[in-house]
Number of protein chains: 2
Amino acid sequence: MLTDEYRYKILKLVQSNPEISQRELAKELGVSLGKVNFCLNALIKVGLLKVTNFRNSKNKLAYMYLLTPVGIEEKAKITLRFLKNKMKEYEVLESEIRILSNEIATDSQSKLFRD
Amino acid sequence: MLTDEYRYKILKLVQSNPEISQRELAKELGVSLGKVNFCLNALIKVGLLKVTNFRNSKNKLAYMYLLTPVGIEEKAKITLRFLKNKMKEYEVLESEIRILSNEIATDSQSKLFRD
DNA sequence: GCTAGCTCGTTCATTAATTGAACACACTAA
DNA sequence: TTAGTGTGTTCAATTAATGAACGAGCTAGC
């Protein structure tokens, strides 16, 4: 599944290192090779990335993933959207933590009364 | 899959409303009936919950889920463990947000230079 | 040449997790 | 009796993710 999380993370990693391999991406992202392959091809399909074969310094055939102009534009939007989601999550967590802390405090208090 | 999240949430909901049905739990938790059934029975199997059939006010056969003494004890532990995880997530989020904000700031700056 | 070995991306059978329609049972009300 | 409602339970189907296996392209050593 291609979510904003992987859109963002893959575009970022590829941008900073276009010669990264799918296996390196998988390791970096902590997911399987199959998933990286799927997401990467999805990003290519929608035109955010393109892949080029080229000869590297050792004249070896190598792959290079490049952000398209649309990819660069979209990456900014995706990053912002991703950030907004994180901030929402952050607030949710904040209140969850408050509630949990309260529950724990209340429970240990009732334990004091019980004993 | 029975994770701390569902251990905590189910024990909490059941404790505050022992006559809750699996369908209500599913709705409340935002998961399927099948999953609630699975988790609930897992909690019963490990002895944190027990289920009783009884006649309710309308003399209708009804179900009641009750925390066992072990269940009450464990709920406290699970809640604490869950809280600790949330606090860790909170810190992770905090730094992720900082990083994302930076990236967005940097990107829009480079855009200014470009235009 | 030729072969062994390495690293690419790609494939796909398998596994894991979840879903929710369908079912059996118990009860109520008409 | 019968239709309707609300239980928990089941399980075939779906979805997502995994990673071993594969073919292609290249290098190094024989």
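The values are calculated or read from the model by the stated rules, or taken from the named source; none is laboratory data. Since the model is a prediction, treat every value here as computed from it, not as a measurement. Every residue, glycine among them, receives a Cβ derived from its backbone with ideal geometry; neighbour counts consider all protein chains shown. Note: accessible area is taken over every heavy atom of the protein model, side chains too, but ligands, DNA and RNA are not part of it. Shrake-Rupley method; radii C 1.70, N 1.55, O 1.52, S 1.80 Å.
What pairs from A:Lys86/B:Lys86; B:Lys9/B:Lys35; A:Lys88/B:Lys77; A:Lys12/A:Lys35; B:Lys45/B:Lys84; A:Lys35/B:Lys86 go past 23 Å between their alpha carbons?
Details: A:Lys86/B:Lys86 14 Å; B:Lys9/B:Lys35 13 Å; A:Lys88/B:Lys77 28 Å; A:Lys12/A:Lys35 17 Å; B:Lys45/B:Lys84 26 Å; A:Lys35/B:Lys86 27 Å.
Exceeds cut-off: A:Lys88/B:Lys77; B:Lys45/B:Lys84; A:Lys35/B:Lys86.
Using only the Cα atoms, what convex hull volume per residue in Å³ does the range B:4-86 have? Intermediate values should be presented prior to the final figure.
Working: hull volume 7.6 nm³, N = 83.
Convex hull volume per residue, Cα atoms: 92 Å³.
Would you mind listing the distances between the A:Gly30 label point and the same position in each other copy? Use 7 Å along Cα-to-C-beta, nm, one decimal, shortest first.
2.1
Could you tell me what fraction of 2.2 N^0.38 Å the Cα radius of gyration of the protein assembly as shown comes to, as a two-decimal ratio? Mind dumping the intermediate values first?
On the way: Rg = 24.8 Å, N = 230, 2.2 N^0.38 = 17.4 Å.
Scaled against compact globular proteins, the figure is 1.43.
How far apart are the B:Asp107 label points across copies, placing each 7 Å from Cα toward Cβ, in nm, shortest first?
Copy-to-copy label distances for B:Asp107: 4.1 nm.
Which one, A:Ser95, A:Leu112, A:Asn85, is farthest towards the positive end of the dipole of the protein assembly as shown when Lys and Arg carry +1 and Asp and Glu -1 on their Cβ?
Value: A:Asn85.
I need the fraction of alpha carbon pairs in the range A:73-115 separated by more than 12 Å, rounded to a whole percent.
Numbers: 626 of 903 pairs.
The share of Cα pairs beyond 12 Å in the range A:73-115 comes to 69 percent.
For B:Lys111, go through the aspartates and glutamates and keep the ones whose alpha-carbon is under 19 Å away, minus same-chain ones fewer than eight residues off.
The reachable aspartates and glutamates, counting only those whose Cα sits under 19 Å from B:Lys111, are A:Glu73, A:Glu74, B:Glu103.
Among A:Asn37, A:Asn102, A:Asn85, which one shows the biggest mean-square fluctuation in a GNM of chain A, springs joining Cα atoms closer than 10 Å?
In the Gaussian network model the winner is A:Asn102.
Would you please give the FRET efficiency between A:Glu19 and A:Arg114, computed as 1/(1 + (r/R0)^6) with r the Cβ-Cβ distance and R0 = 45 Å, to the nearest 0.05?
Between A:Glu19 and A:Arg114 the formula returns 0.10.
Ignoring ligands, DNA and RNA, how do A:Val46, A:Val14 rank by accessible area with a 1.4 Å probe, largest first? Before the final figure, lay out the partial values.
Numbers: A:Val46 100, A:Val14 0 Å².
I get A:Val46, A:Val14, largest accessible area first.
Can you pull the accessible area of B:Ser95 for me, 1.4 Å probe, Å² to the nearest 10?
Looks like 40 Å² after rounding.
In nanometres, what is the gap between the two model label sites at B:Ala26 and A:Leu66, each 7 Å from Cα along Cα-to-Cβ?
Each label point lies 7 Å from its Cα, and together they span 5.2 nm.
Between B:Glu91 and the same site in the other copies, what are the distances in nm, shortest first, taking label points 7 Å from Cα along the C-beta direction?
Output for B:Glu91: 2.5 nm, nearest copy listed first.
For the residue pair A:Ile44 and B:Tyr90, what label-to-label distance in nm results when each label sits 7 Å from Cα along the Cα-to-beta-carbon direction?
For A:Ile44 paired with B:Tyr90, the spin-label model returns 4.4 nm.
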